[in-house]
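Step one of this worksheet: look at the structure below.
What follows is calculated from the coordinates using simple rules that are stated; it is not laboratory data. No experiment lies behind these values; they were computed from the predicted model shown. For neighbour counting, all protein chains shown are included, and Cβ atoms are generated from backbone atoms with ideal geometry for every residue, glycine included.
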Amino acid sequence: MKITIFGTGYVGLTQAACLAEVGHTVCCIDIDERRIAQLNQGLSPIYEPGLEALLLSNLSAGRLSFTTDATEAVGFSKVIFIAVGTPPDEDGSADMQYVFAVAHTIAEYSRESKVVINKSTSPVGTAQRIQARIQSALSKQGRDLGVQVVSNPEFLKEGSAVDDCMRPERIIIGIDGEQNIELFREIYKPFSRNHEKLIVMDSRSAELTKYAANCMLATKISFINEMANLAERLGADIEMVRKGIGSDSRIGYDFIYAGCGYGGSCFPKDIQALQRIAGEAGYQPLLLEAVESVNQRQKQKLFDNIRRHYNDDISGKTFAVWGLSFKPNTDDMREAPSRVLLESLWAAGARVRAFDPEAMHEARRIYGEHPGLYLADSKEEALEGAHALVIITEWLNFRVADFGLIRQRLVNRVVFDGRNIFEPEQLVREDLTYYSIGRAVSGMVQA
Ligand code: UDX
């Protein structure tokens, strides 16, 4: 089937590559000319495991093409996906200007009936609003083409986007009126494999499902972080509590890892957006408000531990930082806890020597030549001359560490671990002071 996709961000690009990989012919359009030129050479603008290989093979097989030309893209197919960004506005609500701009482009260039599928995470009622806008634009031009707008939210995770897209747990289709789902069966058949993954509902329920899923996951994280903070005060170990509660299948082991807070392009934005949506509907979302405040406090936790350890005397000290991306296997630093820590350390007069396996160029883009930031070539080099080590992202290759080297290089032999990647006893044996999340401070506490 021929498919057009507006937007070449995480969602649009991954979707395009996966749809092409299973045999559809996909035309992607973006307004960013540099990005399109790069993509036409098979270069992925984002770091995502497996994505570039899919781009290259499907480009050369002729199943994938990239353009900035709206006439070409809209004319290419009857089926058009919208996968452009919905970044947060100043007030936290989703900024819909890009989605609606695409709706107008579709109306302007359509010469036949279309099915428009919105994948961008958007406020409840967006599919209906897109439908109304396209129809009114068409009728102003005296045209009647029969456009149907459907909501089809995306659930992929950065770092495993290709895998999530190829093996979805569910495919939500939100259609109003006559539910002609054959088209969607055809698009998604290769992804359904052994059993039907399609769950069909109305568009408003589909849009709320996306927010509800992300907010539920963010709630699990803030809940376990709250328990971690309690565990520290009560002399309990959050890692044992996690195993204890995760074994209850109603709770499950996933998304109950305590840490220095959630970041990324989805959870922080969606929690805020759903609060706005609730407010507009005249409802105060007490739980969502709490989830967000707990997370904001948690992002300060590493700095609070550092401050407490050094009795507020941080000025002039240097901190080795392992991990800058908001989670492993991505170079994305949007809303990353690392940014809160770096900025707090700088404000307190400290310097940072940071290393991240993928996010170095992103850090350079965000902070430029910041005098307080040295970007090291390796995790070992980051330790040189630092007073303490701070771990923010649980990259796999941080989990095996040369403690002898850490001990030797750190002036103060202290490790602040925001992701609980080590065992406290291990660090005690290595003669290091160890602050983790939701567990007692272990080893010699020395400033
Ligand atoms: C999320 C959703 O998982 C995905 O379904 C949706 O489509 C987009 O938003 P993503 O933002 O890529 O995906 O990352 P995710 O793996 O969910 O992690 C989000 C944040 O939560 C990270 O900062 C991570 O470190 C943190 N996290 C996750 C925890 O602190 N503890 C956990 O137990 C799990």
So how far apart, in nm, are the two label points at Leu286 and Arg429 if each is 7 Å from Cα heading toward Cβ? 4.8
Expressed in µm² per second, the diffusion coefficient of the stretch 210-297 from the Stokes-Einstein equation, with Rh the Kirkwood radius over alpha carbon pairs, at 37 °C and 0.692 mPa s, is 240
Using alpha-carbon positions, what is the distance between the centroids of the stretch 222-243 and the stretch 405-432, in Å? 20
Provide the gained length on full extension for the span Tyr253 to Ala278, in nm with one decimal, where the gain is 0.36 nm per separating residue minus the Cα-Cα distance. 6.1 nm
Could you pull out every residue, at least 5 positions away or on a different chain, whose amide H is within less than 5 Å of the one on Val150? Hs are placed 1.01 Å off N in the peptide plane, and Pro or chain starts have none. Val116, Ile117, Asn118
In nm, the gap between the two label points placed 7 Å beyond Cα toward Cβ at Asp89 and Leu405 is 5.0
Measuring from centroid to centroid over Cα atoms, what is the spacing of the stretch 280-359 and the stretch 118-145 in Å? 40
What span do the alpha-carbon atoms of the stretch 59-193 cover on each of the three principal axes, reported in whole Å from largest to smallest? 44, 41, 33
What are the extents of the Cα atoms of the chain along their three principal axes, in Å, largest first? 76, 46, 43
The cysteines in the chain that find no other cysteine Cβ closer than 4.7 Å to their own Cβ are Cys27, Cys28, Cys215, Cys260, Cys266
What percentages, rounded to whole numbers, describe P(r) for the stretch 1-92 computed over all alpha carbon pairs with 10 Å bin width beginning at zero? 18, 53, 23, 5, 0
I'd like the per residue volume of the convex hull spanned by the Cα atoms of the stretch 300-435, given in cubic angstrom. 93
Which Rg and Dmax, in Å, describe the Cα atoms of the stretch 244-366? 17.0, 50
Amide H to amide H under 5 Å from Leu373: which residues, 5+ apart in sequence or cross-chain, H placed 1.01 Å off N in plane? Val352
Percent of Cα pairs exceeding the 26 Å cut-off, where the set is the stretch 123-280: 45
For the stretch 2-200, the dipole about the Cα centre with charges only on Cβ (Lys and Arg +1, Asp and Glu -1), to the nearest 20 debye, works out at 580
Roughly how many Å is it from the Cα centre of the stretch 160-185 to that of the stretch 1-44, as a whole number? 18
Take the cross-link list Lys220/Lys327; Lys78/Lys189; Lys78/Lys157; Lys269/Lys327 and give me the ones stretching past 25 Å between alpha-carbons. Lys78/Lys157
